[in-house]
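The values are calculated or read from the model by the stated rules, or taken from the named source; none is laboratory data. Since the structure is predicted, the reported quantities are computational estimates derived from the model, not experimental observations. Neighbour counts are summed over all protein chains in view; Cβ atoms, including those assigned to glycine, are modelled from backbone coordinates with ideal geometry. Surface areas here come from the heavy atoms of the whole protein model, side chains and all, with no ligands, DNA or RNA. Shrake-Rupley method; radii C 1.70, N 1.55, O 1.52, S 1.80 Å.
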Amino acid sequence: MSSRDVVLARVRRALADVPRAAGPEETAVPRDYLRSHGELPTDDIVQQLAENLADYRAIVHDIDAAGLPGLLAHLLGERGSRSVVAPAGLPPEWLADCDLEVVPDVPETTPGELDAVDSVVTGSAVAIAETGTIVLDGSPDQGRRRITLVPDHHICVVRVPEQVVASVPQALERLAPRRPLTWISGPSATSDIELDRVEGVHGPRTLEVVLVTSRAPL
């Protein structure tokens, strides 16, 4: 008998007289908590998202759908990017104006190869106005989690208003819990015991969020 078997046998004996808890399929979880702090107009929710993203030191852009390819080309060129990671499901027209190497998101790419890429462009699953948080769920336009954690520059596109919600409970209603969720509130940052802020420890130092609307920018 292995050490693992011994430990598990002891756990079973210790729990032998403990009633079994009902599984999630047997007991409905109550959802009677507050879902939002009042109903706000859509424009106010989007404005709140932009302000909170900026508070987290993200760089926020507002553009209409027709101007997105030109803006992405400008942002990548302004940064001096020579290569960009693109998820397989990223709309091809988004990078149509870019003159740089497009690196596909494939399993064979090593962490070292990703680290050598200058930027990554992805879509998003949902954005939360109250917390200034963007959530990725690994959908085709977002790719694998690692492509947004290794390159130093991430441009994330949020479709407005359909991908913007006011609160965390509203966001959770849209997300599948078994998907690889990445919650992003600004660029990567941490602080030591003296509260010295260090960016880029576990993700990109620069996060740019593009709020894409079907109308003219604000």
Practice problem: Count, please, the residues in region 168-190 that happen to be loosely packed, with under 14 Cβ neighbours inside 10 Å, at pLDDT below 90 and within 23 Å of Leu207 (Cα to Cα). | Solution: 1
Practice problem: Name the single residue, out of those in region 1-41 being under 30 Å from Glu173 (Cα atoms), in contact with a helix residue (DSSP H, G or I) (Cβ under 9 Å, 6 or more places away or on another chain) and among the aliphatic types (A, V, I, L, M), that is modelled with the lowest pLDDT. | Solution: Leu34
Quiz item: Only one of (1) in contact with a helix residue (DSSP H, G or I) (Cβ under 7 Å, 6 or more places away or on another chain); (2) assigned to a strand (DSSP E or B) fails for Val150. Which number is that?
Solution: (2)
Quiz item: Across region 94-131, what is the number of residues that are surrounded by 12 or more Cβ atoms within 10 Å (Cβ to Cβ), free of Cβ contacts under 8 Å to residues at least 40 places away in the same chain and assigned to a helix (DSSP H, G or I)?
Solution: 3
Quiz prompt | Test result for Glu39, in a loop (DSSP other than H, G, I, E, B), of a type in the set (Asp, Glu) and either open to solvent by 100 Å² or more (accessible area, probe 1.4 Å) or within 28 Å of Arg144 (Cα to Cα) (or both) | solution = yes
